[in-house]
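The values are calculated or read from the model by the stated rules, or taken from the named source; none is laboratory data. Computed from a predicted structure; not experimentally measured. Cβ placement follows ideal geometry from the backbone for every residue including glycine, while neighbour counts extend to all protein chains displayed.
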Amino acid sequence: MLAAYVTASLFTYWQAYVMAGTAQQAAIAGAERVFQIIDEVPEVVDAPDAVSLTELKGEVVFEGVSFGYDKAVPVLKDVNLHAQPGQIVALVGPTGVGKTTIVNLLTHFYDIDAGQILIDGRSIRQIKKHDLRRQLGIVLQDTYLFAGTLLENIRYGRLDASDEEVMAAARLANADQFIHRLPQGYQTPLSERGSNLSQGQRQLLAIARAILANPTILILDEATSSVDTRTEKHIQEAMLNLMHGRTSFVIAHRLSTIRDADQILVINHGQVIERDTHEELLAHGGFYHQLFTSQFRATRRQVAEVAS
């Protein structure tokens, strides 16, 4: 009996020792990856003459911009655009033609190969990255939420915001209604990535974050493409509140969502091939007209199949 007890004790001790060693090795490996990221040299650094800008008006100009992630494979070729402060500019076109690349260059994640990008008449190379990005608000197709309360996740848009300011942003984002239906309201704990919320609810929280951050320039990259049509209408109302008075760049898969844009840029093979309002582009009967009519027919066919 004593021998069995000692053997069992030794086995338990040895198992705990092995598990502790495994956990320690995993922690060391994780720490090494963290330090590798910290030590990584950024591809884009502030120019020696870069200045701090605390406020922007939001005028954006691309002049003859060309760029390729691989210098031998151009993604954008001689792109020109001019967005006045407060305008809504929609970027449309097939997948992989450079729409997201345009906004990646606007945020100065990469340096362009040719041409220049101006904000308020100043090259973005002359604006410190921190100041530039602090003036930008981005709502993506896939919203990242952190483990913590719902209130804390919205406050991530501006860390010094009061509870009242967070709730006001949620109301403007049309998120307040569903939040109050949750058992703990704004104190509801969220799992990492917000898996205990629907896709539409996560998007509304992302919009509330952006409203709270109060950016001068707004980027919406396929922000409604992963939700159903009914939820999309609810999100669209929140997005209109968010875009009001801000220069906004909207990458849209569903062309019905950008009817009211001040200008629509149609991009194909890395070039702007058409630009105008929704109505004018339809009247031209060009590439945009083809995109819109084909999408409209597909939507009608889906509705008919559901009805039958």
Filter region 161-194 for residues that are touching a residue at least 40 places away in the same chain (Cβ under 8 Å), among the small types (G, A, S) and either closer than 17 Å to A213 by Cβ or assigned by TED's automatic domain parsing to the domain that holds I235 (or both) and give the result.
-> A161, A169, A173, A175
Within region 151-166, which residues are under 14 Å from I207 (Cβ atoms) and part of a helix (DSSP H, G or I)?
-> N153, I154, V166
Select from region 170-196 the residues that are at pLDDT below 90 and farther than 26 Å from L136 by Cα and write down the one among them that is farthest from the chain's Cα centre (by Cα).
-> P183
Being surrounded by 17 or more Cβ atoms within 10 Å (Cβ to Cβ) and among the aliphatic types (A, V, I, L, M) is the filter; apply it to region 62-83 and report the residue that is nearest to A114 (Cα to Cα).
-> V65
For region 108-119, how many residues are surrounded by 16 or more Cβ atoms within 10 Å (Cβ to Cβ), on the phi < 0 side of the Ramachandran plot and assigned to a loop (DSSP other than H, G, I, E, B)?
-> 1
Kindly provide the set of residues from region 69-107 that are in a strand (DSSP E or B) and under 21 Å from A261 (Cα atoms), ordered by number.
-> V79, N80, L81, H82, A83, I88, V89, A90, L91, V92
Determine if region 137-145 includes at least one residue that is surrounded by 17 or more Cβ atoms within 10 Å (Cβ to Cβ), touching a Leu at 6+ places or on another chain (Cβ under 8 Å) and over 20 Å from G58 (Cα atoms).
-> yes
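For region 84-99, give me each residue that is surrounded by fewer than 17 Cβ atoms within 10 Å (Cβ to Cβ) and either touching a residue at least 40 places away in the same chain (Cβ under 8 Å) or under 18 Å from I217 (Cβ atoms) (or both). It would help to see each step written out before you state the result.
Filtering region 84-99 down to residues surrounded by fewer than 17 Cβ atoms within 10 Å (Cβ to Cβ) leaves 84-86, 94-96.
Passing the criteria: Q84, P85, G86, P94.
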Residues of region 259-277 being among the polar types (S, T, N, Q) and within 21 Å of the chain's Cα centre (by Cα), which ones?
-> Q263
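Is it fair to say T224 is surrounded by fewer than 23 Cβ atoms within 10 Å (Cβ to Cβ), of a type in the set (V, I, T) and either modelled with pLDDT under 90 or not in a loop (DSSP other than H, G, I, E, B) (or both)? If you could, list the steps in order and put the result at the bottom.
Numbers: surrounded by fewer than 23 Cβ atoms within 10 Å (Cβ to Cβ): no; of a type in the set (V, I, T): yes; either modelled with pLDDT under 90 or not in a loop (DSSP other than H, G, I, E, B) (or both): yes.
No.
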Where D142 falls short, out of the listed (1) farther than 30 Å from H82 by Cα; (2) touching a residue at least 24 places away in the same chain (Cβ under 8 Å) = (1)
